[in-house]
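Structure, as structure tokens:
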Amino acid sequence: MVKDKQKTKISLKKDELFNCSRCGNCLAVCPIYKQELDESVTPRGKLSLLEAVDKGVMDFTNRLSDKIYTCTMCNSCTVECPSGVALKEIFEAARLDLVDSHRYPEILDMLKKRIAEGHNVTFDTNEGRADWVKQIPGAKLEDMIKDSAEVVYFAGCVSSFSPRTFSIPRSIVQLLDQADIDFTLLGDQEWCCGFPLLSSGMEEEAKKLADYNVAKIKEKKAKMLITSCPSCYHTWKHTYARLSTEAVDFEILHISQYLLKILKEGKLSLNPLHMTVTYHDPCDLGRNSDVYEEPREVIQSVPGIQYVELEKNRAQANCCGGGGNLESLDADLAASIALAKAAEIADANVDAVISACQQCERTIGTALKKKKKELKKKIKVWDISELVLKSVQGK
Amino acid sequence: MKEKHIEKLKEIVGQKAVTTEVEDRITYSFDSTRLEYLPDAVVQAKNTQQISEILTFANEENIPVTPRGAATGLSGGCLAVKGGILLNTVHMNKILDINPIDLLIDVEAGVITEEVDKSVSSYGLFYPPDPGSLKSSTIGGNIAENAGGLRGLKYGVTEDYVNGMEVVLPTGEIIELGTRTVKGVTGYNLNSLMVGSEGTLGIVTKATLSLLPKPAARASLLALFDQLTHAAQTVADIVSEGVITSTLEIVDNVTINAIEDYLKIGLDRNIGAMLLIEVDGHQGAVDVEAEIVKKVAAKNKAISCKMATSAKERDALWAARRAALSSLARVKPSTILEDATVPRSKIVQLVEAVNDIAQKYDMPIGTFGHAGDGNLHPTLLTDLRIPEEEEKVEKVIQEIFEVTVKLGGTLSGEHGIGISKAKYLSLEISPEVFDLMKKVKRTFDPNNILNPGKMYFDD
């Protein structure tokens, strides 16, 4: 195939490249560096490569591309950077350039194809998107898909197709029912939000999805959209305004924010749960969307709960390894980052770790299982919606 | 380097631990000076034996070897100025032993500075050296550069805590230096010679570090002054009153304005200087010393002198000082951090001279740093992409160093000479001393293969 254009220069954010002083503060927080101890994949190392391209020292190469994509996009580096370099934005821009110059991991083409054909990130067709509803005793899908409703629950691809995380959407619709909320699902009419494409550098493809999804919400005449996936939330809340042709004129809340709202309105009554729990801040909810306090308030509103913080929390929270498509590019590296996270959780000596992300729940759950023999006691991994449902049901 | 050299390296450390790809070499070409020198090969060493074999081989074949830790250095110490092998030591990162009776910890060279302190905390102990990069930097790098930190006045610097070490000589021999005792006068003190030798005499692979009991209490105070001279006089008076504070930090007006621009915490932009002071020890002593500090500040016309009454307040007091470098770094794209150091009594003269130089060359310079030990950080703010700026920076630095030496000071308090300050060495060191240093270097490294190009010993 003839490559139509080969980029040799950084087109975006190039002015920011020079602001990095190479101080190395980012090394202390980068989950990739902590595992690999290799400068070629550190935040400042990546910037040095992009600067070399910008100066014309070298062109984009596959090896350079691999290094840029070896990143969970957790954004810890930006928080730590004394010079205020917006590293994640630079890496997103670099990925756009790499896609433009046809230097990107082949596996992403498959992702693009799957989303274009099946409208979701899995190999399944979109018809099965709401199959998880069948797991709720007595629930009927047709009751949950209305022509119009106040609230649309956008379940997201992973929770909709990965059986291990079905418990999240299941808990959420049960809670919404319990609170008597006028809500609807989109069922097989829900398409991927576009986040995996955006973080891969494939913005054009993501725009189509934004237009489609925004139109679907408008059809339902909804005042509010809620998501349980932090990446969907981040995309809807912070990227769709730029991507979508139509205005996004409805409210967008993450489930942790929505649960706090309906708890404050007295729409759910909570029973005591006697256990010690901690909270893991998902990168796309915390650092990347600035939602830190609502999940904590929800957890601490459950009577009987002893709440402790992880050593690194809020903006300093350690990534679980599940982001940036790293899992599909380097599964071993992603798994070792998850193990480090699991060790931090084990040190907190808790009965359960609560997260607010299906991806974090999956990676942390797997890592804790691997560490089972070293653990003093079993640590449960629950989504915030699962915790609240257990409290509501009193079990 | 030839193909056979690369093959030999792969034989020693394994295929995956050697790379000659440009994408890797670029990322090992820099440190915090932002200078760049491409090595020919990057090698990830896993143990002392491998380093010994590499040095033996490199010495035979005359290949330059540059050791590297986390590359947070500010003088170019880990840059492969003459190409050759860049030897990464960060994989050797085990804590080997903690002995709370002897107050010693044994670590491999790649252990991160902060990890040393964290690992002994549960024993009620601490490791005092606290360089600004302690969350990333390695003990090996700290020893090579004799890293300092904020607590120098009371607790000294890295060299005061290195009891002993395992070193690989440039000719490949593995030797042990120092003792596990408090005292020790057997032969020349080569252990101390190695500290601060900037990786030119040997590669430190293990270290025995001494520890101290954690102070039971501490108090933090923030004093504001109209005039810099009043702040500096306070520094001098605190010490003459017999109080050795654990930290005594000064922040000048340029830096205060940069901090206010960045954090917007309501600092008065007209303040001449502020001092951040911490005393530690047993509660009784801390109370007495904090009182003395307050009195001295008042005597020297401090606008205010506040003491933190909670951990939260202490963090708030420290927020401004912690943000000093970040704030300055945001003013201009390039930040050049110097560490000119003068006797405590000459701080005012140095800061005033730096301000004059800044005006003369129309280059903003913020100054902050460890006033208690005379170690200041004049920070040049510029944009090195503009061609003329580089020349201007050189002139500014030359003048700062000239005045520093004239005041009885030293070119570098804690960053080292490396390559960034090598050409100024003759301002401070006589030809006789320089020659002696060169002889020491040749004795250790007859073929000049280890970290060549540093301190201009080989030119």
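The values are calculated or read from the model by the stated rules, or taken from the named source; none is laboratory data. Computed from a predicted model, the values in this text were never measured in an experiment. Don't worry about glycine lacking a Cβ; one is built from the backbone with ideal geometry, like all the others, and counts go over all protein chains shown. With ligands, DNA and RNA removed, areas are computed over all heavy atoms of the protein, side chains included. Shrake-Rupley method; radii C 1.70, N 1.55, O 1.52, S 1.80 Å.
Details
- Lys, Arg +1 and Asp, Glu -1 on Cβ, resulting dipole of chain A about Cα centre, debye, nearest 20: 800
- For the residues of B:332-343, the average number of beta carbons from a partner chain within 10 Å of their own beta carbon is 2.
- Note on region B:360-424: dipole from Cβ charges, positive end direction compared against B:His415, B:Met363, B:Val393; the farthest Cα belongs to B:His415.
- Remark: accessible surface ordering of A:Ser160, B:Ser122, A:Ser301 (largest first) is B:Ser122, A:Ser301, A:Ser160, probe radius 1.4 Å.
- Links that overshoot a 20 Å alpha carbon limit, given the list A:Lys113/A:Lys216; B:Lys332/B:Lys392; A:Lys13/A:Lys67; B:Lys16/B:Lys46; A:Lys46/B:Lys332; B:Lys421/B:Lys441: A:Lys113/A:Lys216; A:Lys46/B:Lys332
- Accessible surface buried once B binds A (1.4 Å probe; total of both sides; Å²): 2600
- Couplings for region A:337-348, taken from phi via the Karplus curve 6.51 cos²θ - 1.76 cosθ + 1.60 with θ = phi - 60°, read 5, 4, 5, 5, 5, 4, 5, 5, 5, 4, 5, 6 Hz in order; Gly and Pro are left as x.
- Simple label model, 7 Å out from Cα along Cβ direction - B:Ser240 to B:Asn447, nm: 5.8
- Helix A:167-178 axis, angle to chain A major axis (alpha carbon atoms, nearest 10°): 40
- In this Cβ point-charge picture (+1 for Lys and Arg, -1 for Asp and Glu), the protein assembly as shown has a dipole of about 1400 debye about its Cα centre.
- Carbon + sulfur, % of accessible area of the protein assembly as shown - ligands and nucleic acids excluded, 1.4 Å: 50
- Across the options A:Leu175, A:His119, A:Val350, the greatest Cα extent toward the positive end of the charge dipole of chain A (unit charges at beta carbon of Lys, Arg, Asp, Glu) belongs to A:Val350.
- Cα-based helix-to-principal-axis angle, A:203-219 vs chain A, degrees rounded to 10: 20
- Loop-resident GluC sites (Glu not before Pro) (DSSP state other than H, G, I, E or B) in region A:225-271 with no more than 10 further Cβ atoms inside 10 Å of their Cβ: A:Glu265.
- Partners for A:Lys221 among aspartates and glutamates (Cα-Cα distance below 16 Å; same-chain residues under 8 apart left out): A:Asp147, A:Glu150, A:Asp182, A:Glu190, A:Asp211, A:Glu246, A:Asp249, A:Glu251
- The modelled label-to-label distance between B:Glu402 and A:Arg164, using points 7 Å beyond Cα along the C-beta direction, is 6.7 nm.
- Amide H contacts under 5 Å for B:Met92, placed H, 5+ residues apart: B:Gly110
- Listing of region B:286-330 residues, each with accessible area lower by at least 40 Å² in the full protein assembly than in the chain alone (probe 1.4 Å): B:Arg330
- Measuring only protein heavy atoms, the 1.4 Å probe finds A:His119 accessible over about 40 Å².
- Computed helical MRE - 222 nm, the protein assembly as shown, DSSP H runs ≥ 4 contributing -39500 (n - 2.57), nearest 500: -11500 deg cm²/dmol
- Projecting label points 7 angstrom from Cα along Cα→Cβ for B:Leu427 and A:Ala315 puts them 3.7 nm apart.
- In this structure, the residue pairs whose Cα-Cα separation is over 30 Å, taken from B:Lys214/B:Lys439; A:Lys341/B:Lys82; A:Lys55/B:Lys395; A:Lys14/A:Lys34; B:Lys154/B:Lys438; A:Lys237/B:Lys264, are B:Lys214/B:Lys439; A:Lys341/B:Lys82; B:Lys154/B:Lys438.
- Residues in region A:37-53 carry Karplus couplings, in order, of 6, 10, 4, 5, 10, 7, x, 5, x, 4, 4, 5, 5, 5, 5, 4, 5 Hz; the curve used is 6.51 cos²θ - 1.76 cosθ + 1.60 with θ = phi - 60°, and Gly or Pro positions show x.
- For region B:253-267, 3J(HN,Hα) computed residue by residue from phi via the Karplus equation (6.51, -1.76, 1.60; θ = phi - 60°) reads 4, 4, 5, 4, 5, 5, 5, 5, 4, 7, 8, 6, 9, x, 6 Hz, glycine and proline entered as x.
- Average accessible area per residue (Å²) across the protein assembly as shown - probe 1.4 Å, nucleic acids and ligands excluded: 41
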